Amino acid sequence: MPRLTIDDIEIEVPHGTKVIDAAERLGIMIPRFCYHRGLGSVGACRMCAVKFLQGPFKGLQMSCMIDAQDGMVISTTDAEALDFRRHVIEWLMLNHPHDCPVCDEGGHCLLQDMTVSGGHGMRRFSGEKRTYRDQYLGELVQHEMNRCIHCYRCVRFYREFAGYRDLGALQIAQKVYFGRLADGPLESPFAGNLVDLCPTGVYTDKPARFRARRWDLERGPSLCIHCSLGCNTVAGARYREVLRQEARLNEEVNGYFICDLGRYGFAYAGHPERPRSPRIGSQAVGWQEAVAVACDRLARLGPRSIACLSSARASVETLGTLKYLSKRVGSDHFVCFYDAAVKFKMGEIVSKLDGRTAVSLRDIEKADLLIGVGADPINAAPMLALAMRQAQRAGAKVVMMDPRPLFLPCDFEHLSVSPELFDVCLSALVKSTFDRERVGKHGEAAVTLYDRMLSCDPLDASVQARLEPLIAVVEGCRRPIIICGSDIAPASSVSFAADVALLMGEVKDQSGVFYVLPGANAYGAALFDAANGSSFESVVQEIEDGAIKALIVAESDPFRYVADRDRLQRALNKLELLLVLDYLPSETVRKAHIFLPTRAIFETRSSFINQEGRLQVAEKIHSPGTPIWQVSNKGHPPRLYGTGICGGEPRAAWRVLQQIAHTLVHSQNEISENDPWPVIGGECAVLARHHQHNGPLHGLRIIPQTSTAAFFDGDLDLQPKQPMDGHLTLLPVVSTFATEELASYSEIIQRVIGSPCAYLHSDDAERCGLLDCDRIRIAVDDGFLEIDLTVSDKMARGFLILPRHSRFEWQKLHCFAQGLPVEKIGNCTP
Amino acid sequence: MKRLNSIEDLEVLRQQILEQRKSIRKRVRICGGPGCHSGGGERLIEAFQKLLDEKGVGHEYMVTQTGCHGFCARGPIVVIEPANIFYERVKVERVPEIFERSVLGDDLVDDLLFVSEETGEKIVREKDIPFYAHQERIIFNDTGLTWSTEIDDYIARGGYSALAKVLSGMKPEEVIEEVKISGLRGRGGGGFPTGVKWESCRKAHGEMKYVICNADEGDPGAYMDRALLEGTPHQVIEGMIIGAYAIGAREGYLYCRYEYPLAVKHANRALDQAREYGLLGDNILGTEFCLDMFVNRGAGAFICGESTALMASLEGKLGEPRGKHIHTVEKGLWNRPSNLNNVESWASVPLIVNQGGQWFASIGTERSKGTKIFSVVGKINNTGLVEVAMGTPLRKIVYDIGGGIPGGKRFKAVQTGGPSGGCVPEELIDLAVDFEQLKKAGSMMGSGGMIVMDEDTCMVDVARYFLNFLVQESCGKCVPCRVGVKRMHEIVSNMCEGKAEPGDIEHLEELCDTIQEAALCGLGKSAPNPVASTLRYFRDEYDAHVLEKRCPAKVCKPLLTYEIDTEKCTGCGLCRLRCPEGAIIGAKKECHCIDEELCVRCGICIENCKFGAIYIE
């Protein structure tokens, strides 16, 4: 490790550390514009010049371009360096429009900071400034090119780091322009990062434009809960409303960046129709009355007639307290997943993720082979795609098994096979890497599984031919990671992926499995929902049978997910009590007999466990209450500060649930009212250990070092079913920004999502007489569903892929679960 | 064409070509270089060819379009071999006469011969003309002699024999050693020892290595690389093949400037021909050695002549340079070891291999070996491309070869090294031109442009001209070059427009220092040179512009005052009538005067005055 001296202080840094970073470790912030640790050095701005006094380099050098080496003596305050930096900032300010009073970057602008710290005060220039025309870059990012200082951060991120090509540097010399060839929305779902990256105000947050000064924001660490990755954010609120979010560095999870869903999805919390008052029937009431009536009605019911439903979007606090309540009221039913298959898969995942198999997003970046099994990163977990691109840039091979016409911002090998073939394909790909002896170390079951792998049916010739070169890659790689979805991947594959990862660990330097889960807290939900035979299907059944008379729904909306909505509707109608706690204006909330408003993530401290078992905390950002902007009809400055009864604003779900539990069983003294964790710990042994979870900055992995679960116990699905003649298999899939529940209540996201679109293989399309861009019509029980069609030959045959899009009633197709007869598809293209 | 499957095959082919040409009695060489081409050289070839066909004497006489002869001031040039008769400024109407008298007959067309200005004597033979006689033509010799689009012609003259020599037993290390002995230094301007570069590239780790030819010649007024690539593409390609063999490259690229379509055409044609003969591709000349090469046409950015920017552009990225702390010989094109040399450097290689490094090292000065091609342009009689040994005095280039300044004006300075080079003033006219001496004088070798300036040139205006070029052509990546040079240009423009203020010169110096210190690439670091070097030698002119608001060379119009000599003015009124601004007043037959406020310094009055009464103060 090189030792060097910066400003008379000695420091030892790891090999490959840039001098600028070495100084930062000492707390010396060398001015910079173009350098960004996430993007690397480029040497464009010349702002980080320091004087090298001794060592291999001499004189004025850019500290971002030079690796720290032994014996270097560096001065950051040398007169020559200061003078040079003063010149640079003077040059940069020559063309800047000085429009700080109306610039949203004002107050946290690097250019402002550097102008002051660089000592530039007097303008020695009277010439004309260069000016540009700004472009329309979509609804999320505002463009103001005149402010540009040409640090190239934007294009380096957009093109090199993220792999999209519609934004770039155009022209040369003074005319260099960062933009698109023509006006239009940025195509990348990571475009919002330009706002964070730009050291001045060229790219600013459009939805938050002119809404608040940065220094007026209530800011705090938060989390993105729109997918299972758990990216870290900083939320900024003003007047009881989150206005903008920025990426928060977490070196184990999202790094420096987040996707646009994470950045702009927050608006659900300020939805104008968000229910903010307790309600009995359609009558708004005070908290005390609502809770009392709820408790009273619950108390009148028998112990086994109450069921509890929550979801993967609820926090650990909500889930734990609901579980506690369900036990207290003697309920047999505590359900977090609507689909029994998903629940089963989640159980497998939670039991098989341990210190040997779990990997983080950072590990993905370091992998040299990524095998995707039924995972669609761009649609289901965008930041995963970005991590995969970094791996691929560093030389990794990416292989994706998926029937969908996948898109990734990097080169990859796509095996468009049906989900039933995942096991066979994965076996064929990896089996030659193992030998019986090594496998034997994992016991009998492993050998049995290995034998099953060896005996699996041959694949058809075309797939086999594509696999051959990949098998060699698998054999040669050192750090393979399997990326496995939990959506279209069958349970056997989900289980098998972990088994393979464990076996790979035996023969490779590092290996692991990275699951994409169906919700921000799916892991947490599975922890509580694990040892429980009940499913939502059985709950509905028991409601129909009259055994269950009350349903407590906490932060969950079954209407959104359950396919047979008519049946659900009939079942709920039979209930004596439907008690709903939520912060969304959902269908279920509208049907509630008693409704209790809860707080969104920004209004209460809450914890979530991401897909690798990392427990992370989002702090409370602002007080609950109707945003003043809404109350005062968007006037400025606001004159009206509130409506409704004081103290009537939403409460944290866990507090309400705990209060109900205590009222019902009269045991208030037992536990603290201000800390949900004793209750949570009581319900989940794993979490009990992390009671004091003001844990590390990067979150806390709660997975066991070695799982006690039985690996290699799953049965491989090696005999693919033959599809029915004249039928297409329906495959409802996630679609970027358009499927996720919270985002569907977020007005900003609704502005940018595309229209729904179905996919069909070109052979199937020909068979059905359909063409690309046709509008198709599917006959369902009570009418037709219309959707645009895209014909692709990069997908598996025999599938009609449909988006679970918020503007497409895919639930109505549940009657075709066994296959859609092609004659049901009509063409309504004029 | 037949593929050559062994080294012997090449010699056999050469003999065959020579055999076929035995019947040729005379050969007419018509210059196809840029200068002659634009003067109508193409039509001369057609005319000669037509006559050959009409008379049916194609087997006895041969017309070839060669590359540049160098003497561009006298183009289009026609030379008839074997007598070496040199005809200058040939018009297409004169072709039948030349054909009749000098090709079919052995007579001369007197009025097309070169006339010596000193003695008034007519000179018949090309090599006797002083312009050629004082040069040392080695690298640039074949360009005017070979048929630029025919590989057979190149082979007949001994082409590819250096490659044959290398492949018939020289180890790569031996080739590198030979180049190191020759002392060849990069001709693109950097002057880095070529052999050392090759050696580092050979030693660099990597399966795939590249050789790259930098033909992105963007300096205003410089066109030697263009002449070489258009005229003798095979000489360049042969050099690259040898280089590729020496460093272990399997792929090569010729990065050619967008503005050189003919060079692209000829280079592509040459590559095709070489491929057909098996001089490129797998198993070259039947050996284990494999190499293929491609031409890439640039998009018109000056900066892409910088090696790292060129490589970025080749990769399809933004043509911008990167920091030099990662060497391209280790991580160049696509992050693989890459050896980039200039056209002239590559063209030197076959000669070094054939005649030995010692021979090459015997020419030139102690640290600058061999010869250098310069393009001598500007206020000089014999505009053209000249090749001289390193260390040749500037005086010899300007006067003996260049024929001095037209109109008997005084020599003021010569600008060398392209836009970011510097000016060498009159007092250094005896400077021995090589890498070191030019650098010492505050200029640089660059790619070899020489712009000669006479007493009518304003040095501040010259600095402004070159700064303007650099402002336009900065890639825009780093701040000092993008903004700093623009700022310098604004200050110098102010000087030329009479808007300068005291302290501006010091401000310029401050900018020069800062930009030189910390621009990202070589171009940026040298961008202040036009100002730095003119300030060094012509500070008095700057002072005159700033302090006295006066342009000593009478170039900067806003600083000029037009006045009427009361003695000479007859009051004819012509100037008053012609003045577009109505700035001249005066009654008939009385002395006129100019209203300085209205005068736009267009100079129409001077042109029109029959009495020479109007002058510039």
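The values are calculated or read from the model by the stated rules, or taken from the named source; none is laboratory data. From a predicted model like this one, the values you see are computed outputs, not experimental measurements. FYI the Cβ positions are ideal-geometry reconstructions off the backbone, even for glycines, and counts take in every protein chain you see. Quick note on the areas: whole protein, heavy atoms, side chains included, nothing else; ligands and nucleic acids left out. Shrake-Rupley method; radii C 1.70, N 1.55, O 1.52, S 1.80 Å.
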Checklist entry - Hey, does the range B:403-419 have a residue that's closer than 23 Å to B:ASP540 by Cβ, among the hydroxyl-bearing types (Ser, Thr, Tyr) and open to solvent by 10 Å² or more (accessible area, probe 1.4 Å)? => result no
Checklist entry - Could you list, in sequence order, the residues of the range B:536-550 that are in contact (Cβ under 8 Å) with a residue 60 or more places away in the chain, in a helix (DSSP H, G or I) and either crowded, with 17+ Cβ neighbours inside 10 Å or touching an Asp or Glu at 6+ places or on another chain (Cβ under 9 Å) (or both)? => result B:TYR537, B:GLU541, B:TYR542, B:HIS545
Checklist entry - For the range A:232-256, what are the residues that are open to solvent by less than 10 Å² (accessible area, probe 1.4 Å), closer than 17 Å to A:PRO189 by Cα and assigned to a loop (DSSP other than H, G, I, E, B)? => result A:ASN254
Next on the checklist: For the range B:467-475, check the following and say yes or no: at least one residue is in contact with a Phe, Trp or Tyr (Cβ under 7 Å, 6 or more places away or on another chain), more than 22 Å from B:VAL424 (Cα to Cα) and within 11 Å of chain A (Cβ to nearest Cβ).
Outcome noted: yes
Next on the checklist: Quick check on this structure: which one of A:PRO221, A:PRO207, A:PRO199, A:PRO189 is more than 14 Å from every other protein chain (Cβ to nearest Cβ) and either of a type in the set (Phe, Trp, Tyr) or open to solvent by less than 20 Å² (accessible area, probe 1.4 Å) (or both)?
Outcome noted: A:PRO189
Next on the checklist: Are there helices (runs of 4 or more DSSP H) fully within the range B:224-306 with at least 1 residues that are more than 23 Å from B:SER161 (Cβ to Cβ) and free of Cβ contacts under 8 Å to residues at least 12 places away in the same chain? List them.
Outcome noted: B:261-276
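Could you say which residue among A:ALA428, A:ALA396, A:ALA381 is in the same structural domain as A:GLU506 (by TED's automatic domain parsing) and touching a Cys at 6+ places or on another chain (Cβ under 6 Å)?
None of the others qualify; the one that does is A:ALA381.
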Checklist entry - For residues in the range B:502-520 being buried (at least 24 other Cβ atoms within 10 Å of the Cβ) and not in a helix (DSSP H, G or I), which is nearest to the other protein chains (Cβ to nearest Cβ)? => result B:LEU520
Checklist outcome for this item: The one condition B:PRO480 fails out of (1) within 14 Å of chain A (Cβ to nearest Cβ); (2) under 21 Å from the mean Cα position of the chain (by Cα); (3) touching a residue at least 40 places away in the same chain (Cβ under 8 Å) is (2)
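Taking the range A:33-70 as the search range and keeping residues that are among the basic types (Lys, Arg) and away from every other protein chain (no Cβ under 12 Å), which one is nearest to A:PRO14 (Cα to Cα)?
Restricting attention to the range A:33-70, the residues satisfying the condition of being among the basic types (Lys, Arg) are A:37, A:46, A:51, A:58.
From the residues that got through so far, the ones that are away from every other protein chain (no Cβ under 12 Å) too are A:37, A:58.
Numbers: A:ARG37: 15, A:LYS58: 22 Å.
Only one residue fits best here, namely A:ARG37.
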Item to check | Residues (of a type outside the set (A, V, I, L, M), surrounded by fewer than 17 Cβ atoms within 10 Å (Cβ to Cβ) and either in a loop (DSSP other than H, G, I, E, B) or more than 9 Å from chain B (Cβ to nearest Cβ) (or both)) located in the range A:161-176 | outcome: A:ARG165, A:GLN171
Next on the checklist: For the range A:439-476, give me each residue that is farther than 16 Å from A:ASP713 by Cα and either touching a residue at least 60 places away in the same chain (Cβ under 8 Å) or not in a helix (DSSP H, G or I) (or both).
Outcome noted: A:SER455, A:CYS456, A:ASP457, A:PRO458, A:LEU459, A:ASP460, A:LEU470, A:VAL473, A:VAL474
Checklist entry - Do we find that B:GLY40 is modelled with pLDDT under 90 and surrounded by 23 or more Cβ atoms within 10 Å (Cβ to Cβ) in this structure? => result no
Next on the checklist: So, B:GLY206, is that one in contact with a strand residue (DSSP E or B) (Cβ under 6 Å, 6 or more places away or on another chain), part of a loop (DSSP other than H, G, I, E, B) and either surrounded by fewer than 21 Cβ atoms within 10 Å (Cβ to Cβ) or among the aromatic types (Phe, Trp, Tyr) (or both) or not?
Outcome noted: no
Checklist entry - Which condition number does A:GLU144 fail, the rest of (1) among the charged types (D, E, K, R); (2) open to solvent by less than 40 Å² (accessible area, probe 1.4 Å); (3) within 13 Å of chain B (Cβ to nearest Cβ) being met? => result (3)
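One line per residue, one yes/no per condition, for (1) touching a residue at least 40 places away in the same chain (Cβ under 8 Å); (2) basic (Lys, Arg); (3) under 21 Å from A:ILE543 (Cα atoms); (4) not in a helix (DSSP H, G or I):
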| position | (1), (2), (3), (4) |
| --- | --- |
| A:ALA292 | yes, no, no, no |
| A:CYS295 | yes, no, yes, no |
| A:THR321 | yes, no, no, no |
| A:LEU325 | yes, no, yes, no |
| A:PHE334 | yes, no, yes, yes |
| A:TYR338 | yes, no, yes, yes |
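Got at least one residue in the range A:737-757 being of a type outside the set (Phe, Trp, Tyr) and over 24 Å from A:LEU186 (Cα atoms)?
Going through the range A:737-757, the residues of a type outside the set (Phe, Trp, Tyr) turn out to be A:738-744, A:746-757.
If we keep only those that are over 24 Å from A:LEU186 (Cα atoms) as well, we get none.
No, the range A:737-757 contains no residue that is of a type outside the set (Phe, Trp, Tyr) and over 24 Å from A:LEU186 (Cα atoms).
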Next on the checklist: Condition first: open to solvent by 10 Å² or more (accessible area, probe 1.4 Å), in contact with a Pro (Cβ under 9 Å, 6 or more places away or on another chain), over 28 Å from B:ALA389 (Cβ atoms) and more than 14 Å from chain A (Cβ to nearest Cβ). Can you find one or more residues in the range B:449-463 that meet it?
Outcome noted: yes
Item to check | the range B:483-501, subset among the aliphatic types (A, V, I, L, M) and part of a helix (DSSP H, G or I), residue nearest to the other protein chains (Cβ to nearest Cβ) | outcome: B:VAL483
Checklist outcome for this item: The lone condition B:ASN382 fails out of (1) assigned by TED's automatic domain parsing to the domain that holds B:TYR223; (2) in contact with a Phe, Trp or Tyr (Cβ under 7 Å, 6 or more places away or on another chain) is (1)
Item to check | Which listed residue is touching a residue at least 24 places away in the same chain (Cβ under 8 Å), closer than 30 Å to B:GLY158 by Cβ and away from chain A (no Cβ under 14 Å), from B:PRO337, B:PRO350 | outcome: B:PRO350
Next on the checklist: Being at pLDDT 90 or above, of a type in the set (A, V, I, L, M), outside the structural domain of B:MET453 (by TED's automatic domain parsing) and within 26 Å of B:LYS412 (Cβ to Cβ) is the requirement here; does B:LEU535 meet it?
Outcome noted: yes
Checklist entry - On the given criteria, is A:ARG123 modelled with pLDDT under 90, within 14 Å of chain B (Cβ to nearest Cβ) and open to solvent by 10 Å² or more (accessible area, probe 1.4 Å)? => result yes
Checklist outcome for this item: Over the range A:87-101, the set of residues without any contact (Cβ under 8 Å) to a residue 40 or more places away in the chain and either within 34 Å of the chain's Cα centre (by Cα) or open to solvent by less than 50 Å² (accessible area, probe 1.4 Å) (or both) is A:HIS87, A:GLU90, A:TRP91, A:MET93, A:LEU94, A:CYS100
Checklist outcome for this item: Taking the range A:788-821 and the residues there that are buried (at least 20 other Cβ atoms within 10 Å of the Cβ) and assigned to a strand (DSSP E or B), the one that is farthest from the chain's Cα centre (by Cα) would be A:LEU820
